[in-house]
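Take a look at the structure below.
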């Protein structure tokens, strides 16, 4: 997921923003045509020439590299904002379009593995919208391989786990959940995302009737949502607690808990959320 293959693109943006021509950067060590091919990603530039180009454009290396790494962050933020909008609507066609866009980007830039991971994420949402669509086994293998080659799970990795949870077998999913819990205190600003990911894992354990493991998450998530401002997380916990009790044989009280959670979403005017959980309630208790 490094963006070093996009050096030329970032360089071109710097040059365009400063209204500097290729001829102004070129000198005896590097020609304008070489710089142009580098910007288009058609050729590499030696480090010596690259440093000279930055010097001729009056750009410091640390400033340039900050912009390079920012590309990845911007791409992730843009993609995730699209996912969120489509998720509330459960817009299968929208997810398919997003998948196609990421596929096209990956085909044009196969060295940017982020696009392929985005394809996998989009496919997971397609499958969640329509459970008749199978999730490709190869996508799960590729995502799992990626996750276990990353030294530390940050925002993107948590989102990946939090949306592939339906397709991961329980032993592996529980292993991931335990690892996330162990590192909870180190996640800082990402703690909200950690909680949502753990709630998703808990939900999957309940659905698959692995209630002993589900109880582990029920007990361990509760202290994480003690803050009363975590309204969404606390209400989702309430809904899943009802589902857990329903699956554990406490059908009447469990269904009542789920209905209470849905009522809260309706009171708050969260119509899409309320509708989604009504569909879930009807499916789970049928």
Open item on the list: Using only Cα atoms and rounding to the nearest 10 degrees, what angle (0 to 90) does helix 61-89 make with the longest principal axis of the chain?
Closed with: 30
Open item on the list: 7 Å from Cα along Cα→Cβ at both residue 238 and residue 279: what's the point-to-point distance in nm?
Closed with: 2.3
Task: Sum of -39500 (n - 2.57) over DSSP H runs of 4+, divided by residues of the chain (222 nm, nearest 500) - done: -23500 deg cm²/dmol
- [ ] With a ≥ b ≥ c taken as the square roots of the eigenvalues of the C-alpha gyration tensor of the range 92-154, please select rounded if a/c is under 1.5 and otherwise prolate if a/b is larger than b/c or oblate if it is not?
- [x] oblate
TODO: Could you work out the relative contact order of the range 39-152, using alpha carbon pairs under 8 angstrom and six or more residues apart, expressed as a whole percent?
DONE: 17
- [ ] Take the chain, connect every pair of alpha-carbon atoms lying under 10 Å apart with a spring to form a Gaussian network, then pick out the residue of 249, 177, 192 with the largest mean-square fluctuation.
- [x] 249
- [ ] Would you please give the FRET efficiency between residue 65 and residue 113, computed as 1/(1 + (r/R0)^6) with r the Cβ-Cβ distance and R0 = 22 Å, to the nearest 0.05?
- [x] 0.70
- [ ] List the residues of the range 115-146 whose backbone N lies under 18 Å from a point placed 7 Å from the Cα of residue 183 along the Cα-to-Cβ direction.
- [x] 143-146
Open item on the list: Show me the ranking of peptides 275-284, 208-217 by mean Cβ neighbours inside 10 Å, starting with the highest.
Closed with: 208-217, 275-284
Task: Ranked list, fewest to most other Cβ atoms within 10 Å of each Cβ, for 15, 186 - done: 186, 15
Open item on the list: Springs between alpha-carbon pairs under 10 angstrom, Gaussian network model over the chain: which of 92, 103, 138 fluctuates most?
Closed with: 138
- [ ] Starting with the fewest neighbours, write out 147, 198 ranked by other beta-carbon atoms found within 10 Å of each beta-carbon.
- [x] 147, 198
- [ ] Please find the FRET efficiency linking residue 231 to residue 57, where r is the Cβ-Cβ separation and R0 is fixed at 35 Å, and quote it to the nearest 0.05.
- [x] 0.10
TODO: For residue 131 paired with residue 207, estimate the spin-label separation in nm (one decimal), with each label point 7 Å from Cα along the Cα-to-Cβ line.
DONE: 0.7
TODO: Under 1.5 on a/c is rounded, so check that first for the range 88-245, then, if it is not, pick prolate when a/b is larger than b/c and oblate when it is not; a ≥ b ≥ c are the square roots of the alpha carbon gyration tensor eigenvalues.
DONE: prolate
- [ ] Assuming a ≥ b ≥ c are the square roots of the Cα gyration tensor eigenvalues, decide whether the range 135-181 counts as rounded (a/c under 1.5), prolate (otherwise, with a/b larger than b/c) or oblate.
- [x] oblate
Open item on the list: Using C-alpha positions alone, give me the convex hull volume of the range 204-267 per residue in cubic angstrom.
Closed with: 77
Task: Two-decimal ratio, the range 4-59, of alpha-carbon radius of gyration to 2.2 N^0.38 Å - done: 0.97
Task: Efficiency of FRET between residue 250 and residue 93 - r from beta-carbon atoms, R0 45 angstrom, step 0.05 - done: 0.70
TODO: Sticking with the crude label model, points 7 Å out along Cα→Cβ, report the distance from residue 148 to residue 196 in nm, one decimal please.
DONE: 2.7
Task: Stretchable slack from residue 267 to residue 46, in nm (0.36 nm times residue separation minus alpha-carbon distance) - done: 73.4 nm
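Read-outs: derived from the displayed coordinates by stated rules, not from any lab. A quick note: this is a predicted structure, and the numbers were derived from the prediction, not measured. For neighbour counting, all protein chains shown are included, and Cβ atoms are generated from backbone atoms with ideal geometry for every residue, glycine included.
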